[in-house]
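Encoded as C-alpha cells, the structure appears first; notes follow it.
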Amino acid sequence: METIESMKRISRKNIISPKGFKAVGIHCGLKHKKNDLALLVSEVPASVAGVFTTNAIQAAPLAVTKQVVYETKKMQAIVINSGNANACTGKQGMKDAFTMQQKTAEHLGIDPNLVGIASTGVIGEQMKMEPLLSGIEKLKPLDTLEGSIQFSQAILTTDTVTKNTAYATSIDEREVIIAGVAKGSGMIEPNMATMLGFITTDANIESEHLQQALKGITDVTFNSITVDGDTSTNDMVLVMANGLAGNHTLTPDHPDWQSFVNALHAVARDLAKMIAKDGEGATKLIETKVTGAISDEEARKIAKSVVGSPLVKTAVFGCDANWGRIIAAVGYSGATIDPEAIKIYIGDTLVVEAGEPIPFSEEKLLIYLKQHEVKFLVELNQGTGKGTAWGCDLTYDYVQINATYRT
C-alpha cells in the first residue's frame, strides 16, 4: 500500500474491493467478440449519487437512471452495455431502456426502482433486445477479481486499457474503501463527456451528502479533462455507498468527513487522468497547472483551454516546444489575464517571463517532450486562484479511429 495524505492506495484496485459488492461482464452479442454486458450489484440497497452529461440531447438510459438517483435515492444494481448507446432512438429507445431495467430487476429479485442502467456505443441505432435480454439472464455476479476484470472490460468502446483505482481510509476507526472503474477514450469534454464512471464504497452516508461530495469533486476532476472538445449524450458518474463498513453516518459535520472526501477525490482524479491519457490515438498525457488566477474557476478555465487546444496538442505530439501556442490558448480562454505578468514553464524549464520569451535549450525540451507525460505551468500573478486540467496529444490515429468508427 502507498500512503497518500490520510489515505492508502490499495493494491486490490477493483470495483468490488469495498465490502458487499459483486460484478461480472460477459459477451452477449451486441459486439462481435468482446465483452459487452456488465453488472454491478450490492448486497443491500446503497445510497447513490450521480452526475450526468450536460448535452441537451440525452440518451434513454440517462432518463431511467436519473429517476433512481433523484427519486429513489437508493441503488442496488447497475447494468451496462457497450456497442450501442441507445441514444436518439425515440420512444422505442425509452421503452427498451425501461425493459432493460425491468428484466435486470427480475433476474436479481429486486425492485426495478433500485436498478440503474447505462449504455455506450454507436448513436442512433435501435438496441438489439434479443441478445441483450438473453445476456441479462446469464449474468452471475462474482465477488472475485475475475468478475471485476470482466466488468471493467465489458464497459469499454475504443479504450485501449481498463481503468481501475481504489483507496482506503479510516472513519470512526473502521477501514472504509472507495473503488472506481471507468471507460472513456474519445469525445471527452466534461461537463460530463463520453465517459462512464462507477464508484463503490462501503461507507455509511446518505445520498444527499454523497451527492454534495461528488458534485464538488466532479468540477476539479472529470470536468477538468478534455480530449477532443465534444460532449456526448450518454455519460454519467455514479457512486454507490452501501454502509457495510459500519461507520457512523457521514455528514459534513463528522470529524472524518474530510478523510472520506479526500479518498473520493483521489479515486475520481485517478480515473479522470486515466481517461485523458487513453484518449483515442493518444501517446501522451498533458497536464496544465495554472496558479495566480483571480479565482479557482478562472484557473481551471485557462488550464482546460491549454490542454484542449488542437495546436498545443499537435505540438506535444510533434515534441515541439512551441510556447506561443500555450500563451495563445491562455489569451483566448476568456479569463482575466495580464499579459505582462505571465510566466510559462514547460516541465521545469522557464520559457516565458513577464509575457516575454526566455532563452532555453531546444535539445533539453525535445528530450522532455518525448516523455509519456508532459506538464505545463502557467503563473498569472494576479490572485490566489489555482486549477489543473488534463488532456492528451492529437495524433494521426485519432483521425483514423474516428473516421471509421461506424464501419
* For region 289-316, name all the residues that are within 22 Å of Ile275 (Cβ to Cβ), in contact with a Ser or Thr (Cβ under 8 Å, 6 or more places away or on another chain) and either open to solvent by 10 Å² or more (accessible area, probe 1.4 Å) or assigned to a strand (DSSP E or B) (or both). => Lys289, Val290, Arg300, Lys301, Lys304, Ser305, Gly308
* Structure fact -> Over region 354-373, the set of residues of a type in the set (A, V, I, L, M) and open to solvent by less than 100 Å² (accessible area, probe 1.4 Å) is Ala354, Ile358, Leu365, Leu366, Leu369
* Asked: Quick one: which of Gln101, Gln67, Gln92, Gln126 is open to solvent by 10 Å² or more (accessible area, probe 1.4 Å), of a type outside the set (A, V, I, L, M) and not in a helix (DSSP H, G or I)?
  -> Gln126
* Asked: Could you say whether any residue in region 324-345 is within 24 Å of the chain's Cα centre (by Cα), within 15 Å of Gly385 (Cβ to Cβ), small (Gly, Ala, Ser) and assigned to a helix (DSSP H, G or I)?
  -> no
* Structure fact -> Of the candidates Ala77, Ala85, Ala118, the one satisfying the condition of being crowded, with 22+ Cβ neighbours inside 10 Å, in contact with a strand residue (DSSP E or B) (Cβ under 9 Å, 6 or more places away or on another chain), among the aliphatic types (A, V, I, L, M) and under 23 Å from Thr221 (Cβ atoms) is Ala118
* To do: Determine which single condition Phe260 fails, assuming it passes every other condition in (1) open to solvent by 10 Å² or more (accessible area, probe 1.4 Å); (2) modelled with pLDDT of 95 or more; (3) part of a helix (DSSP H, G or I); (4) over 14 Å from Gly50 (Cα atoms).
  => (1)
* Can you tell me which residue within region 218-241, out of those that are part of a helix (DSSP H, G or I) and in contact with a Pro (Cβ under 7 Å, 6 or more places away or on another chain), is modelled with the lowest pLDDT? => Asn223
* Structure fact -> From the option list Gly29, Gly50, Gly25, single residue qualifying as outside any strand (DSSP E or B), touching a residue at least 24 places away in the same chain (Cβ under 8 Å), of a type outside the set (D, E, K, R) and more than 17 Å from Met94 (Cβ to Cβ) is Gly29
* Does region 277-285 contain at least one residue that is in a helix (DSSP H, G or I), open to solvent by 20 Å² or more (accessible area, probe 1.4 Å) and within 19 Å of Thr218 (Cβ to Cβ)? -> yes
* Asked: If Ile326 satisfies every condition in (1) in contact with a helix residue (DSSP H, G or I) (Cβ under 7 Å, 6 or more places away or on another chain); (2) open to solvent by 10 Å² or more (accessible area, probe 1.4 Å) but one, which is the exception?
  -> (2)
* To do: Would you check if Asn55 is in a loop (DSSP other than H, G, I, E, B) and either modelled with pLDDT under 90 or under 19 Å from Gly180 (Cβ atoms) (or both)?
  => yes
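The values are calculated or read from the model by the stated rules, or taken from the named source; none is laboratory data. If you're wondering where the values come from, they're calculated on a predicted model, not measured in any experiment. All Cβ positions, even for glycine, are placed from backbone atoms using ideal geometry, and neighbour counts span all protein chains on display. Quick note on the areas: whole protein, heavy atoms, side chains included, nothing else; ligands and nucleic acids left out. Shrake-Rupley method; radii C 1.70, N 1.55, O 1.52, S 1.80 Å.
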